[in-house]
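The values are calculated or read from the model by the stated rules, or taken from the named source; none is laboratory data. Keep in mind it's a predicted model, so treat the numbers as computed, not measured. Ideal geometry is used to build each Cβ from the backbone, glycine not excepted, and the neighbour counts take in all protein chains shown.
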Amino acid sequence: MNLAQHKKPYAYYQVERAIAKGVLIIPKTCELCSNRESIIPHHWNGYDYPLDVWFICRSCNNILRGRHDGTMSKDDILGVLNNYYPTHIVAKKYGVTTPLVTWRVRNGLFPGSRKLTDFFPNGPKTKYDPWFIPKDLIEVQV
Ligand SMILES: [Zn+2]
């Protein structure tokens, strides 16, 4: 366990307390994709800033997992999301699973798709590098 992971439980405890006191308010929708399901706090700038969180859905949090070093601001991510859908949104639109959409991306069915690390080459590298699919492509195909 590294130092950052050590701080994680305390950061979540601080968030819980702030919610209970009304200092933090959980929005009804994900701050990134407007999903209404399973909203959780994401410590984008690290656990040293326990209350500096984005409330995002579990799917968006999966995309950003391991990326807590502040190199991707919310504006940066929203800039990408203005033009691209993450795979979980495309899956929702098609009524299929996210792994199936990822499989289709890997097999070239969504040309122009890009990995998160393409947008943020200086960001932290994690094992999971999610895909983003051009919005135009989806609007045409659906
Ligand atoms: Zn989301």
Completion exercise
Those residues of the stretch 12-53 which are buried (at least 21 other Cβ atoms within 10 Å of the Cβ) and within 11 Å of the ligand (Cβ to nearest atom) amount to 30, 32, 42
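Please find, within the stretch 62-74, the residue that is surrounded by the fewest Cβ atoms within 10 Å (Cβ to Cβ) out of those that are among the polar types (S, T, N, Q) and either modelled with pLDDT of 95 or more or over 10 Å from the mean Cα position of the chain (by Cα) (or both).
Of the stretch 62-74, the ones among the polar types (S, T, N, Q) are 62, 71, 73.
Subsequent filtering for residues that are either modelled with pLDDT of 95 or more or over 10 Å from the mean Cα position of the chain (by Cα) (or both) retains 71, 73.
Working: 71: 13, 73: 11.
Ranking the candidates gives 73 first.
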Completion exercise
Across (1) closer than 17 Å to residue 130 by Cβ; (2) out of contact with any strand residue (DSSP E or B) (no Cβ under 6 Å at 6 or more places or on another chain), residue 35 clears everything bar (2)
Practice task
Kindly list the number of the only condition in (1) outside any loop (DSSP other than H, G, I, E, B); (2) modelled with pLDDT of 95 or more that fails for residue 24.
Solution key: (1)
Handout entry: residue 107, sole failed condition from (1) at pLDDT 95 or above; (2) within 20 Å of the chain's Cα centre (by Cα)
Key = (2)
Exercise for the section: Only residues in the stretch 41-61 that are more than 14 Å from residue 27 (Cα to Cα) count as the first member; pair them with residues that are among the aromatic types (Phe, Trp, Tyr) and within 10 Å of the ligand (Cβ to nearest atom), Cβ under 6 angstrom, at least 6 apart or cross-chain, and list the lot. Expected result: 44/54
Handout entry: Within the stretch 85-106, considering residues that are under 12 Å from residue 133 (Cβ atoms) and of a type in the set (Val, Ile, Thr), the one surrounded by the most Cβ atoms within 10 Å (Cβ to Cβ)
Key = 90
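If I ask for residues that are in a loop (DSSP other than H, G, I, E, B), among the charged types (D, E, K, R) and under 20 Å from residue 79 (Cβ atoms), which ones from the stretch 94-136 would you list?
129
Of everything in the stretch 107-118, what is without any contact (Cβ under 8 Å) to a residue 12 or more places away in the chain and closer than 15 Å to residue 129 by Cβ? Give them in sequence order.
So in the stretch 107-118, the residues without any contact (Cβ under 8 Å) to a residue 12 or more places away in the chain come out as 107-109, 118.
118 - this is the single residue of the stretch 107-118 that is without any contact (Cβ under 8 Å) to a residue 12 or more places away in the chain and closer than 15 Å to residue 129 by Cβ.
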